[in-house]
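The values are calculated or read from the model by the stated rules, or taken from the named source; none is laboratory data. Please read all numbers here as calculations on a predicted model, not as lab measurements. Glycine also receives a Cβ, built like all others from the backbone with ideal geometry; neighbour counts cover every protein chain displayed.
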Amino acid sequence: MSRLGIGVIGVGSIADMHLGAYAANPAVRLMGTYDIDADRNRAKAETFGVARAHDTLEDLLADPEIDAVSVCTWNNSHAELAVAALEAGKHVLVEKPLSRTVAEAEAIADAVRRTGRLLQVGFVRRFGANTQVLKSFVDGGTLGEIYHARATNIRRIGNPGGWFADSARSGGGPLIDIGVHVLDLCWYLMGTPRATTVSAVTHNRLGNRANVTSLSRYKVADYDPTLSDVEDLATALVRFENGASLLLETSYSVHAPEDRLEVAVFGDRGGAELEPRLRIVTEQHDTVLNIDPQIDHLSFDFEEGFANEVAHFVALCLGEAEEVAPVGHGLEVMRMLGGVYESAALGREVSLT
């Protein structure tokens with residue numbers, strides 16, 4: 001069996017999920033890592049049994065034993081690194097979001113077309129078992145035509161600070177970080193229709209909530225309690241060319257009684273909740289039925305999701321699979337995210353066509 005040589009660019013916390021999944025995949029050889037922190041780079045390479053901890057990005061991209069790379073860096077470097085890897089002849093798995101802006105996403109899409117290499121966007125929740133099961137019901141017509149969706153990802157005390165709270169590096173706050181997950185899942189289950197308009201509002205009132213010490217939170221390595229120029233909350237209505245609609249609400253920091261995650265889609269023959277756990281609703285013989293699928297994980301399991309995502313990327317690069325999260329999908333999601341920020345800034349609905 002052919003084995004794929006893999007390199008990982010950026011070995012911060014999210015890279016552990018990639019490195020672990022690659023290390024467990026028998027079709028992979030982990031050949032190289034690169035990170036701007038040389039000590040961390042060497043330590044991660046040793047931990048995951050990587051062949052080489054490269055001293056420079058150029059060395060990694062020139063390594064003939066590396067066929068494909070994961071890009072696991074700050075959002076502001078996704079476009080530059082993805083394009084450089086594509087031009088070096090590597091296939092690319094880039095963490096979500098694809099980029100900070102639509103223009104950067106378009107540059108990546110152009111590089112994919114120009115080089116003929118493959119690029120998979122890191123929409124990892126598409127690869128969860130719960131998503132895959134629900135997608136089979138949707139594709140089988142159980143829900144009929146999906147005409148509406150709800151996408152919610154709310155944290156009470158969830159601003160990680162550091163680069164996540166610095167718009168120059170992140171491109172935005174909870175919308176581009178955690179909102180993108182639920183937006184993409186709804187859109188994917190809806191059949192990826194073309195978005196036509198967005199009407200949105202964002203708020204920036206609460207910052208890092210550094211004063212709150214009663215609840216634990218994740219803090220990124222460069223956390224600074226004084227820094228947060230991103231939105232606290234974003235809410236939007238997206239309309240699509242087929243007449244469907246999507247309601248989005250996402251926040252790092254809001255005075256809610258609990259964190260809330262919801263992904264729900266509604267069709268003319270049935271509906272479903274994907275998160276917080278998979279449930280399907282339909283009708284038979286003039287009777288409403290709640291269907292509870294019997295699977296190991298009714299909500300998203302991160303280890304399983306990343307293992308499936310990486311396995312699909314490896315199979316794609318080896319010519320054994322078809323694209324599930326292509327660059328075009330990443331570009332369309334960025335257009336919706338960009339539309340949310342534009343609508344909020346202008347205080348009116350904007351057109352995406």
**Q.** Number of the exception - R126 against (1) under 22 Å from A21 (Cα atoms); (2) in a loop (DSSP other than H, G, I, E, B); (3) out of contact with any Ser or Thr (no Cβ under 7 Å at 6 or more places or on another chain)
**A.** (2)
Q. So which of G12, G20, G49 ends up being more than 24 Å from the chain's Cα centre (by Cα), in the same structural domain as L316 (by TED's automatic domain parsing) and more than 15 Å from P64 (Cα to Cα)?
A. G49
Q. So which residues in region 208-265 are crowded, with 18+ Cβ neighbours inside 10 Å, in contact with a His (Cβ under 6 Å, 6 or more places away or on another chain) and in a strand (DSSP E or B), if there are any at all?
A. L233
(Q) Take the conditions over 30 Å from L119 (Cβ atoms) and not basic (K, R) and apply them to P293. Does it pass? (A) yes
**Q.** region 1-40, residues that are surrounded by fewer than 21 Cβ atoms within 10 Å (Cβ to Cβ) and in contact with a Ser or Thr (Cβ under 8 Å, 6 or more places away or on another chain)
**A.** G12, A27
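To keep it simple, each residue is scored yes or no on (1) surrounded by fewer than 22 Cβ atoms within 10 Å (Cβ to Cβ); (2) not aliphatic (A, V, I, L, M); (3) not in a helix (DSSP H, G or I).
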site: F300; (1), (2), (3): no, yes, yes
site: E303; (1), (2), (3): yes, yes, no
site: A321; (1), (2), (3): yes, no, yes
site: H329; (1), (2), (3): yes, yes, no
site: S343; (1), (2), (3): no, yes, no
Q. Any idea which residue in region 266-291 is surrounded by the fewest Cβ atoms within 10 Å (Cβ to Cβ), counting only those that are assigned to a loop (DSSP other than H, G, I, E, B) and on the phi < 0 side of the Ramachandran plot?
A. D268
Q: Residue by residue through region 108-150, note down the ones that are over 20 Å from D184 (Cβ atoms) and of a type in the set (A, V, I, L, M).
A: A111
Q) Of these, A103, A107, A79, which one is hydrophobic (A, V, I, L, M, F, W, C), surrounded by 18 or more Cβ atoms within 10 Å (Cβ to Cβ) and in a helix (DSSP H, G or I)? A) A79
